[in-house]
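A short worksheet on the structure shown next.
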Amino acid sequence: MTRNTVLKLTGVERHYGQGETVLTILKGADFSLSRGEMVALVAPSGTGKSTLLHLAGLLEQPDAGEVSINGQLCNGLPDQKRTAIRRSEIGFVYQFHHLLPEFSALENIMIPQMIDGLSKAEAKTRASQLLDYMRIGHRGTHRPAELSGGEQQRVAIARAVANAPRLLLADEPTGNLDPGTANYVFDALEALVRQSGLAALIATHNHELASRMDRRVTISEGKVVDF
Ligand code: ADP
Ligand code: MG
């Protein structure tokens, strides 16, 4: 593993089910992602994209194999430690924004920073900068329900990077948006990744967006393969 490897999966296996019906999703999956690299994960529904992202994001444990983040092997770490790594090193964006409905856009981006130990004032300054960067600075006081789908996703992206993670995982982040809005949101996401040197793994069904990334991978017979 080089110093620039942010995410490394080695021989990862994931099976679902019990007894006689075992569904094998990943079997001997290897994958690595370097600093500054933006990789598209393109595969049909049900092949295991979300499973792969959850394993990479330490939201699930593999049945076998290793998951390393920034050179640290994360299998078998206590939950508390995994949570700490997730909070400071990993940003996650979902297809649906999952913003907290009772809080403003600004507050949604401040909360993870305050949990991570920043003062309210520091968190607010960074949240405002991120909203400006995502070109929705003027929407900071609005709650999620008052924002359009594209705006909600831009807030969700800003929240994901609020703690300056090194790894960004996105699970069909534009899958719920019309093509024009998807493009606009992806432009902002791409600019953010390029500017920050984040490593990003982004599941998408959109081939045009996939073609703009550095590399494209799919899941085939339980393995991650370039295509
Ligand atoms: P994708 O994101 O590519 O659509 P998923 O990773 O969500 O695929 O799911 C891959 C397969 O694993 C699907 O067949 C799904 O039904 C199954 N699966 C996912 N999570 C679970 C679970 N917790 N229990 C049982 N089966 C699951
Ligand atoms: Mg999925």
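The values are calculated or read from the model by the stated rules, or taken from the named source; none is laboratory data. Bear in mind the structure is a predicted one, so any value in this text is a computation, not a measurement. A quick note on method: Cβ atoms are made from the backbone with ideal geometry, for glycine too, and the neighbour counts reach across all protein chains shown. Remember, those area values only see protein heavy atoms, side chains included, never the ligands or the DNA or RNA. Shrake-Rupley method; radii C 1.70, N 1.55, O 1.52, S 1.80 Å.
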Listed by chain and number, the aspartates and glutamates with an alpha carbon less than 15 angstrom from that of Lys49, same-chain partners under 8 positions apart left out, are Glu13, Asp30, Glu60, Asp171, Glu172, Glu221, Asp226
Connecting every pair of Cα atoms under 10 Å apart in the chain and solving the GNM, the largest mean-square fluctuation among Pro78, Pro44, Pro101 falls on Pro78
Relative to the chain, whose Cα atoms define the longest principal axis, helix 149-160 and its Cα axis are tilted in degrees, nearest 10, by 70 degrees
Residues of the range 33-63 with backbone N under 19 Å of the label point set 7 Å from the Cα of Thr10 along Cα→Cβ are 33-35, 55-58, 61-63
Any residue on another chain or 5+ positions along whose placed amide H is under 5 Å from the amide H of Ser34 is listed here as Val6
Taking only the alpha-carbon positions of the chain as identical scatterers, the Debye log10 I(q)/I(0) at q = 0.09, 0.13, 0.14 Å⁻¹ comes out as -0.36, -0.75, -0.87
From the cross-link list Lys81/Lys223; Lys81/Lys124; Lys81/Lys120; Lys27/Lys81; Lys8/Lys223, the entries with a Cα-Cα span beyond 21 Å are Lys81/Lys223; Lys81/Lys124; Lys81/Lys120; Lys27/Lys81
By the Cα gyration tensor axes a ≥ b ≥ c (a/c under 1.5 gives rounded; else a/b larger than b/c gives prolate, otherwise oblate), the shape of the range 156-223 is oblate
The correct ranking of Phe103, Phe227, Phe31 by accessible area at 1.4 Å, largest first, is Phe227, Phe103, Phe31
Over the chain, with neighbouring protein chains present, the accessible area per residue in Å² at probe 1.4 Å is 47 Å²
Taking a ≥ b ≥ c as the square roots of the Cα gyration tensor eigenvalues, with a/c under 1.5 meaning rounded and otherwise prolate when a/b beats b/c or oblate if not, the range 139-189 comes out oblate
Net charge (Lys, Arg +1; Asp, Glu -1) of residues whose beta-carbon lies under 12 Å from that of Pro112, Pro112 excluded, is +2
Reported to the nearest 10 Å², Glu208 has, with a 1.4 Å probe, an accessible area equal to 110 Å²
Computed over the chain: longest principal axis from alpha-carbon atoms vs helix 120-133 long axis, angle to nearest 10 degrees, is 80 degrees
Residues other than Gly140 with Cβ under 15 Å of its Cβ, Lys/Arg counted +1 and Asp/Glu -1, net out at +4
Once the dipole of the range 19-146 is set up from charges on Cβ (+1 Lys and Arg, -1 Asp and Glu), the residue from the list Gln72, Gly57, His142 lying farthest towards its positive end is His142
One finds the C-alpha centres of the range 1-39 and the range 104-147 to be spaced, in Å, by 32 Å
Taking Cα atoms, the helix 179-196 axis meets the longest principal axis of the chain at an angle in degrees (rounded to 10) of 90 degrees
CD proxy, 222 nm, the chain: helix-only mean residue ellipticity via -39,500 (n - 2.57) per DSSP H run with n ≥ 4, per residue, nearest 500, stands at -10500 deg cm²/dmol
In order over the range 105-110: 3J(HN,Hα) from phi, Karplus 6.51/-1.76/1.60, θ = phi - 60°, whole Hz, x for each Gly or Pro, gives 4, 4, 5, 4, 8, 6
In whole percent, the fraction of accessible protein surface over the chain that belongs to carbon or sulfur atoms, probe radius 1.4 Å, stands at 50 percent
